[in-house]
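Student: Got a structure here, written out as structure tokens. Questions coming.
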Amino acid sequence: MFIRIITVLAAAAVGEEMTRIHVSEREMEASDYAQAKGEAYTEESASFVPELALCVACAAALHWSSSKKSVVKQASPEEIKQTPSPRQAPVRRVPPTDRRVDRAAVQNNHKICACDRAEEILSLVGEIGHTFNEVNLATALHRVAKHCKRSRRDSAPLLARPEMETLLTMATARLPDFNVQGVSNAFWALATLKVAPENHPELVAQLRTVAAGRVAEFQPQGLANTAWACATLGIQDPALMEQLSLSCLKSLNAFNTQDLANVAWAFATVHHTADDLFTAIAAAAIPQLDQFNPQELSNIVWSFKARRQPQQDAKFFVAVAECAATRTGALPMSALVNLVWSFASAGVTHKGFLEAVTNAVVGRSGGMTAQDLATLLWSAATLKYRDERLLEAAGSLILRLAPEMTGHDISNAVWALATLRYRHRAALDRLAEEALAQRARLQPQAVSNVLWGFATVGHAHKEMFVGLGEVLITQAPRYNAAQIVASATAMSKHGSPEAMAALASAASQILPNFNPNALVTLADSFAAPQYAGLLREIRSRLQEIGARLAQRQEAMLSQAMASAGVDAAEG
């Protein structure tokens, strides 16, 4: 009955030939052309059905008719072409069958949005995907990604389904018809689903082309999502990133904290130089740093660290440090550690912030993980920040968390304690036990760091040196110059002859890779008659490159040669 009433109204307003009502675009915006990273779309927000759209249009037409005080006559095709709709799209006459297709598309969108799981949407694709228009394709792709993200599931099983391949293939063909929100949502969906660009080169190329042509039309969130997606997918497209940079600069005032963090992260990740953009991001972020959530704060600080302009960004880092120092009680321990790590990686020291972090660690160390602890120690050592309270707390935490440490964690913790010259016997013994237990899995950098660290603080854990020495005997050829020097320095004091012989052989094979300082240190480690051949090679190499040594280095080299029985007049 309702539809009949609408039909009568429509006939009275525009005559027997009814014009098409463009609801596809509105349906897209109301349904899943929603926030790509924002709140969930609800079916109630997309109740914009064709009948309601038709009713509104009819009422508007009747109002126009009465205001003209004339009898409504049938519009001619020419008049229809010249009359824009409220959305500035030309209203045109189409055959009745086209109206049914639009109705089907709207119904498809409702079905897609009613699905509670990504698998249900893909089943729909298999059943009625052939009837999908560009709105349905964009909605389906976006909501599959959204459901996958919410469930925190691996996307691989979804990508392996034939319906997913069908959806991606259809989306590739219809991408030029997507509206701007659909383009940015499609980019976001591919990145969220971890679609490998090499597996779908045509789709990614089409997305890049379409996006490049319409970047200027993107909304702030669309810009942020597209930049984030390009970085996440590993797409190197300097031209597109430059367009995104210029558009972001124009829209930066409308960015929220997540947008600012994501854009900074994206440009830093793809190593795209955008000094003006980063300067503007810093200026926009500083006044609202207290509104950034922990992840956003970590991401934006990492981004400024990654671009390696600490002097240019000094004001930003100071502002972040001052803000974070007042929030240490509210920020999760992992967020605090990430901030300290970013500051250390950027070479930025802020004593007030580091003291606040120390207070937080001492006061609530229960929230610390093994990785957090190792990262915090590494950061403190890198910044040369030595606080007895922090180190004492770290020593106690090592006793508790050592079993959870990876080889990388052990390596960082030992290196940091040695760099800060902090000898906590019980903690070092615990780290030695874990290193010994994991020796078969330790990487060369971890082995060399652990050996160097224990030798530096003078903590001779015999079983550990023997165990890691066995690793060196078989693995030394894999070590680089720095790792050989560090390992040899330690093993010359506490190691086995077999391990030293393996290191000497490995060093001889890559001697051109050592710089003059490393060569002198290497000679000092192998200052014994059995390594006379290696020392002759070291001296020849120094002469070959014309190395100019400091007086102390000359003395060290001469002493090593004498200890090895190498005549100074030789060579």
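The values are calculated or read from the model by the stated rules, or taken from the named source; none is laboratory data. It should be emphasised that the depicted structure is a prediction, and the values quoted were computed from it without experimental measurement. Cβ atoms come from the backbone with ideal geometry, glycine included; neighbour counts cover every protein chain shown. These accessible areas exclude ligands, DNA and RNA; they are computed on the full protein's heavy atoms, side chains included. Shrake-Rupley method; radii C 1.70, N 1.55, O 1.52, S 1.80 Å.
Student: So how do 326, 369 rank on accessible area, 1.4 Å probe, biggest first, that is with the largest at the start?
Tutor: Of 326, 369, the descending order of accessible area is 326, 369.
Student: Sort 271, 459 by heavy-atom solvent-accessible area, probe 1.4 angstrom, most to least.
Tutor: Ranked list, largest accessible area first: 271, 459.
Student: Then there is this: Which ³J(HN,Hα) values, rounded to whole Hz and listed in residue order, are derived for the range 438-451 from phi using the Karplus coefficients 6.51, -1.76 and 1.60 in 6.51 cos²θ - 1.76 cosθ + 1.60 with θ = phi - 60°, glycine and proline given as x?
Tutor: So the Karplus estimates, Gly and Pro as x, are 9, 4, 5, 9, 6, 7, x, 5, 5, 4, 5, 5, 5, 4 Hz.
Student: For every other residue with a beta carbon closer than 13 angstrom to the beta carbon of residue 277, add +1 if it is Lys or Arg and -1 if Asp or Glu, then tell me the sum.
Tutor: Taking every other residue near residue 277 into account, the sum is -3.
Student: Over the range 276-391, what relative contact order in percent results from Cα pairs under 8 Å that are six or more residues apart?
Tutor: Relative contact order of the range 276-391: 27 percent.
Student: Moving to a separate point now. If you consider only alpha-carbon coordinates, what radius of gyration and Dmax does the range 413-571 have, in Å?
Tutor: My reading of the Cα-based Rg and Dmax gives 15.9, 49 Å.
Student: Across the range 226-231, in residue order, what do the Karplus-derived ³J(HN,Hα) couplings come to in whole Hz, using 6.51 cos²θ - 1.76 cosθ + 1.60 with θ = phi - 60° and x for Gly and Pro?
Tutor: Karplus values, whole Hz, x for Gly and Pro: 5, 4, 4, 5, 4, 5.
Student: Here's a follow-up. Which of the pairs 315/384; 250/351; 111/149; 250/305; 315/351 have their Cα atoms more than 26 Å apart in this structure?
Tutor: The pairs that break the limit, which is 26 Å between Cα atoms, are 250/351.
Student: Shifting gears a bit: Is there a quick way to get the dipole size of the range 499-571? I mean about its Cα centre, with the Cβ of Lys and Arg at +1 and of Asp and Glu at -1; what is the value in debye to the nearest 20? Intermediate values should be presented prior to the final figure.
Tutor: Working: 5 positive and 6 negative charges, 27 e Å.
That gives the range 499-571 a dipole magnitude of about 140 debye.
Student: Calculate one ³J(HN,Hα) per residue across the range 270-279 by plugging θ = phi - 60° into the Karplus curve 6.51 cos²θ - 1.76 cosθ + 1.60, and present them in order as whole Hz with x for glycine and proline.
Tutor: 8, 6, 8, 5, 8, 4, 4, 5, 5, 4
Student: For the full complex of protein chains and a 1.4 angstrom probe, list 384, 351 by accessible area with the highest value first.
Tutor: Numbers: 384 170, 351 140 Å².
Descending accessible area places them as 384, 351.
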